[in-house]
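A short write-up of the structure that comes next.
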Amino acid sequence: MARSASSAAAGGNAWQWSRTAETRRVLLNAAREVFCEQGFAEASIAGVVERAGSSVGSLYHHFGGKTELFLALWEEHQAAHEQNAVTAVAAARAAGEGEDPLDLFVVGARAFLEGSWQRRDLARLFMDGDGPPGFELVRRTRSREWVRQNAVLLGAGIDSVDRLTVAVLTTIIGEAGREIATCPNKRQANKITEAAIVLIRRLGSPGQDT
C-alpha cells in the first residue's frame, strides 16, 4: 500500500512538472511573438497572456513580470548559441579536426552565425536597445564572458596583443550576427558568414605571426 502511494505521488510530481514546463514554454513562445512584434516597451503583460491563452496570475507565478520574461528569453537565446557552438566544436574534435585552435574557432563561429539566422527575430529584438532597465549591463557582462571563453578556446595568453586579438575576433562574430539577423534571405546571410570567416582567418589566432 505504501509503495503504491509513493508511486502515485511520484507520478503526480512528474505530471505537475510537465504541466509547469509546458506552461512556461507557452508563455515564452507568446512573449517572443509579442516582444518581436511590438518591442519591450510597447508590449504588455495582457498582450502576452492573451496570446498564450493563459492568465496574468500564471505569468507572474512562473516569471515574476515582463522584465523577467524578457530576460528568460535572452538567457534561452544565449544558451542556444552556446550549445550550438559547443556541439559543433565537439563534433569537429571527434572528427580529428581539433589540432588548430583557429579551425575550431571558425567551426564555433559558423554555428553561432547559423543560430543568428535561425533565431533572427530574437537577435533583432536584443540588438534594438529596447530592453528593461539594466539589460545593457547584462549584455555587456555576457560579452566579456564570451571573450573569455574564446580566449580559452584559442589558447590566448595574457599578453595585451593576444587579448586585443581575441576581442576583435569575437567582435567580428557578433557584428556578423547582427548583419545576418537583418538579411532578407539565407543566401545573403551565407555571404555575411563567409565574409566574416575570411576576416577571422586573415587576423589569425592570438600569438600567430601573420
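Assorted remarks:
- For the chain, the membrane-span-like helix rule (DSSP H, alpha carbon extent of at least 30 Å along the helix axis, mean Kyte-Doolittle at least -1.0) picks out 2-42, 66-94, 160-181; this says nothing about an actual membrane.
- When the Cα gyration tensor is reduced to axis lengths a ≥ b ≥ c, the ratio a/c is 1.5 or higher for the range 82-181, and with a/b not above b/c it is classed as oblate.
- Length-normalised contact order of the chain in % [C-alpha pairs under 8 Å, at least 6 apart]: 19
- Mean-position separation - Cα centroids, the range 153-171 and the range 42-80, in angstrom: 37
No lab work stands behind these numbers, since they all come straight from the coordinates. This one's a predicted model, so the numbers in the text were calculated from it and none came from an experiment.
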